[in-house]
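Taken together, the values in this text are just the output of simple stated rules run on the coordinates, not laboratory data. Note that the structure is predicted; figures quoted are calculated from it, not measured. Cβ atoms come from the backbone with ideal geometry, glycine included; neighbour counts cover every protein chain shown.
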Amino acid sequence: MGMFDEVVCCYPLPHHQDARFQTKDLSAIALGERWIGGTLDEYEITQDGRLRRHAHEREWVEDQSALLGTYLKSVRDWWEDVPDAHGDVWIYTTETVTRPQKGVVADEKDELTAGDGTPGERASREIEFRIRFTNGRVQQLEDLSEPPAVDDRAGEIPPLTTGRTEDGSDVAGRSLEEQLLANIRESHASLEALLNRANDHWGREDCVYRHYHHSFKVYSIQSLTMEILTALQQLMPERQLCLLFRSILEAGTGKTFSPDHNRHWAETTRPMLEAFFHAHYFLEMVVKYGGILESPPSLLPSGWAAVLTLYGLR
């Protein structure tokens with residue numbers, strides 16, 4: 001599960017305005033901590049869309065009842081804006097709902113019960129929003145929540161989905177997964193041609209050699225990485241790629257050779273190769289599974305699961 005942060009959203013939401021949400025994305029865009037999911041901080045999104053963080057000044061206090069005999073105590077706290085926040089944040093929570101059994105009726109209190117008067121089965125419904133921040137303010141909000149299972153036909157309420165089918169496949173993301181696979185299959189020839197160029201002598205083979213040979217020609221790997229990035233993004237241009245992937249590419253692209261880099265060769269050029277290897281991996285998985293899958297699989301191979309993660313579908 002990992003660590004997370006808590007979010008209260010006063011910015012207008014289509015529903016669940018009073019909920020307390022969790023997120024694992026704010027540590028990256030608010031604090032620059034890209035390798036952790038959260039630090040149990042508190043955030044607020046104001047009514048006018050500003051992102052604010054509950055900051056603390058802490059000091060160590062000895063306490064024999066604490067797990068380690070000491071803990072960090074907040075001695076001063078305040079709320080501060082996060083004006084540099086830029087990127088996508090997913091906030092989420094769950095709610096418990098009643099899934100009716102056959103013969104369900106509603107009593108005077110509007111509570112669902114089975115025909116024998118016992119409560120219906122309880123299930124969880126996922127509530128999730130994607131919020132895009134630009135310069136610390138909400139730019140876009142998208143509701144990704146599971147829809148409430150209400151069917152007015154014959155006054156019946158069908159069973160609620162918990163978000164996964166019996167075989168473990170995602171229900172909510174199924175249509176987007178089908179769209180992604182269709183786009184990959186449609187562009188498969190050009191994606192395969194790009195992968196072949198990345199694998200040929202003047203692609204991976206020469207550029208890795210240039211890194212070890214301390215040749216400035218290794219810098220050319222960046223253009224191939226960006227070409228792969230563009231091809232991947234165009235498969236679903238409306239979706240932002242995984243934050244971790246973007247951070248790796250940001251560290252390994254946009255560099256211009258300078259003689260000073262020779263003194264810090266590994267620190268300067270190795271991120272270029274890392275960015276290329278990650279982009280190459282996703283291109284390879286897209287080509288592989290676009291060539292063998294005709295529909296989204298029930299049991300996810302690791303490579304296809306990685307592709308779904310890249311596009312925020314898993």
So what does the Cα-only Debye profile of segment 175-310 read at q = 0.10, 0.17, 0.22 Å⁻¹, as log10 I(q)/I(0), no solvent term?
-> -0.35, -0.89, -1.29
Among 7-20, 291-304, what's the highest-first ranking by average C-beta atoms within 10 angstrom per residue?
-> 7-20, 291-304
